[in-house]
Amino acid sequence: MKYEDEIFISYAHIDNKPLAEGHRGWVQLLDERLKHFLDPLLDKDASIWRDPKLQGNDELSEILMEKISKAALLVSILTPRYIKSDWCRRELDEFCRNAVSHGGLTLSGKSRLFKVAKTFTKRTDHPDPLRGLIGYEFYEYDEISGRAREFSPEIDPPRDKRYWDKLDDLAWDIKQQIERLRSPEDSGEATSGAVYLAETTDDLREQRDKIKRELQQGGHQVLPDEGLPSRAPAFQEAVREYLKRSRLSVHLIGENYGSIPEMEAERSVVRLQQELAFERGDNAEFSRLIWLPPGLQPKDERQQSFVDDLWKSFSSHNGSELLQVKLEDLKTIIQTKLAQKPKSTPVANEGAGAAHIYLICDQKDVDAVEPLRDYLFDRGFEVTLPLVEGSEAEVLQDHKDNLLICNALLIYQGRASEGWLRMKLRELLKLPGYGRTTPLLSKAVYVGAPELPAKERFKTHEALVVKDYGQFNPAALEPFLAQINKAKGLSV
């Protein structure tokens, strides 16, 4: 079908009322800025139509209906007044009726409806055609207080970056749909790998949007691409279907516990998605990334318990990782994983040849680790120590290379400081960012002499911890070696 206008903006006129004389209304600003964002992205300018003041005029209503029937996409500005407006509902229903008669409401699986939420409204109040859409929220919502605050559209500094980022997201998604309309033969979905970017709580909504934006601009399909159901059984079914289509799931864990689906006793939306991804199974075709912001402080007992459970129970397998790194590092790790081809079998299941152990120590402890090195070598393991001579660049490159090629990791702390040990443990979280795609067979920290109070207090969920302050005792390494042999399928 040939469309007269590519975009029809449907809105309640009160939502475009200027705040002061001589100012432009919210909808008019969106209209102008959307075109400003869209036109440079397309091979020719986008055609956008918005009713300046026709609603309610019986003589001109036919003009509106004609415009709607010949529009390719409908952008609904969702507000309480839009929901209550009979005219706005009529525009929406007319567009859907015509769309169904001429090619359907979707194109390449993507809706021809765009839901722009100017301010908060309950999803249960949304018109049926819009209820299932994710939408573009131009506001922040505090789940605890129930208060919503709209993003500022002002252009003068300091600009509200959230408004402009959301506008950019809207323009990008409309641009992709217009390209599908103009070139149907090129409208296939991205084939570089779907990513399930789990819904998160409001305190991490901005970070999720940034990740989604970069993934889409990199050609990756991001799921879910429709709103998730509000009832737990349908919610779980929908998430499972999305996960089946994905090679990677990314979960952002924030300070709030989040909403609980209907018919679910206590698990939040965030927790359910993480558990369903775990249920999906870590294998050569699928893995998970769970991210916690540095310095995370959960705000209630339920979220604290959830975070504690993650640290206690998570096990890296087939590239799945629990990360507490900067957001930029997380984005790098995601891109690195997606750039790598899935392996048919993980390293841990490769043959029973000699495992390569990277024994990390400070220069102060090189002599102290010799008994460990000799013992491991006599047990048939290849053992590598950090490079101690060479330029700073050579030492760093050798260290990263060893982290990538080793099968197991043993960190020795004797005379090295607690800060040194923490730095080495943080590197374990960055392994995917360095390019490592397979899990380590085992990770352990060997705490040796001298005995200090700080060493006695040391605990971590990132690795096994062995404390041996006297003469080297081979029995102290047995849990570490048992993990390696178990992962390689050997008897202990």
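The values are calculated or read from the model by the stated rules, or taken from the named source; none is laboratory data. Keep in mind that this is a model prediction, so the values were computed, not measured. Virtual Cβ from ideal backbone geometry, glycine too; neighbours counted across all protein chains shown. Keep in mind that these areas ignore ligands, DNA and RNA; they rest on the heavy atoms of the full protein, side chains included. Shrake-Rupley method; radii C 1.70, N 1.55, O 1.52, S 1.80 Å.
Please give the helix 418-429 orientation as an angle from the longest Cα principal axis of the chain, in degrees from 0 to 90, rounded to the nearest 10.
On a 0 to 90 degree scale, this one is about 50.
When the dipole is taken about the Cα centre of region 69-186, and only Lys, Arg (+1) and Asp, Glu (-1) are charged at their Cβ, what size is it in debye, to the nearest 20? All intermediate terms of the calculation are to be shown ahead of the outcome.
Numbers: 22 positive and 21 negative charges, 72 e Å.
It comes to approximately 340 debye.
Taking the Cα centre of the chain as origin and charging only Cβ (+1 Lys, Arg; -1 Asp, Glu), how large is the dipole, in debye to the nearest 20?
Working: 70 positive and 82 negative charges, 102 e Å.
So the magnitude is around 480 debye.
Which pairs, out of K337/K455; K161/K337; K35/K210; K2/K115; K110/K210; K110/K244, put more than 25 Å between their alpha-carbon atoms? Mind dumping the intermediate values first?
Details: K337/K455 35 Å; K161/K337 29 Å; K35/K210 22 Å; K2/K115 23 Å; K110/K210 21 Å; K110/K244 18 Å.
Checking Cα-Cα distances, K337/K455; K161/K337 exceed 25 Å.
With unit charges on the beta carbons (Lys and Arg positive, Asp and Glu negative) and the dipole taken about the Cα centre of the chain, which residue among P450, I484, N407 sits farthest to the positive side?
It is I484, whose Cα lies furthest towards the positive end.
Give the angle, between 0 and 90 degrees and rounded to the nearest 10, that separates the Cα long axis of helix 478-487 from the longest principal axis of the Cα atoms of the chain.
50 degrees
Once neighbouring chains are kept in place and the probe is 1.4 Å, which whole percent of the accessible area of region 1-158 is contributed by carbon and sulfur? If you can, show how the numbers build up before the last one.
Working: 4170 of 8470 Å².
Ligands and nucleic acids excluded, carbon and sulfur give 49 percent.
Can you pull out the trypsin sites (Lys or Arg not before Pro) in region 46-153 whose DSSP state is coil and whose Cβ has at most 13 other Cβ atoms within 10 Å? Please list the in-between numbers first.
Values: sites: R50, K53, K67, K70, R81, K84, R89, R90, R97, K110, R112, K115, K118, K122, R123, R131, R147, R149; in loops: K53, K70, R112, K118, K122.
The qualifying sites are K53, K122.
Where in region 143-174 does the amide nitrogen come within less than 14 Å of the point 7 Å from the Cα of K326, taken along Cα to Cβ?
Taking a point 7 Å out along Cα→Cβ of K326, no residue of region 143-174 has its backbone N under 14 Å.
What is the percent carbon and sulfur in the accessible area of region 430-492, measuring with a 1.4 Å probe over the protein chains and ignoring ligands? Walk me through the numbers before you get to the answer.
Details: 1660 of 3150 Å².
Carbon-and-sulfur percentage of accessible area, whole number: 53.
Round to a whole number: what % of the accessible area of region 251-305 belongs to carbon and sulfur, probe 1.4 Å? Let's see the in-between values first.
On the way: 1150 of 2490 Å².
Carbon and sulfur: 46 percent of the exposed surface of region 251-305.
List residues of region 408-432, by number, whose backbone nitrogen lies under 13 Å from a label position 7 Å along Cα→C-beta of D367.
Correct set: 415.
On a 0 to 90° scale, report how tilted helix 86-101 is relative to the longest principal axis of the chain, with both axes built from alpha carbons and the result rounded to the nearest 10.
The angle comes out near 70 degrees.
Mind checking region 403-492 for chymotrypsin sites (Phe, Trp or Tyr not before Pro) that DSSP puts in a loop (not H, G, I, E or B) and that have at most 14 other Cβ atoms within 10 Å? Could the numbers behind the result be given before it?
Values: sites: Y412, W420, Y434, Y446, F458, Y469, F472, F480; in loops: F458, Y469, F472.
Filter output for region 403-492: Y469.
If the chain between D125 and Q471 were fully stretched, how many nm would it gain, using 0.36 nm times the residue separation less the Cα-Cα distance? Before the final figure, lay out the partial values.
Details: separation 346, 0.36 × 346 = 124.56 nm, distance 7.06 nm.
Contour length minus Cα-Cα distance gives 117.5 nm.
Suppose all protein chains stay in the model; what accessible area per residue would a 1.4 Å probe give for the chain, in Å²?
Details: 24200 Å² over 492 residues.
Result: 49 Å² of accessible area for each residue.
Would you mind computing, in nm to one decimal, how far apart the modelled labels at K299 and E140 are, each placed 7 Å from Cα along Cα→Cβ?
Here the answer is 1.1 nm between the modelled labels.
If you take the beta carbon distance between E275 and Q340 as r and set R0 to 25 Å, what does 1/(1 + (r/R0)^6) give as a FRET efficiency, to the nearest 0.05? Working shown, then result.
Working: r = 26 Å, r/R0 = 1.04.
My answer for the efficiency is 0.45.
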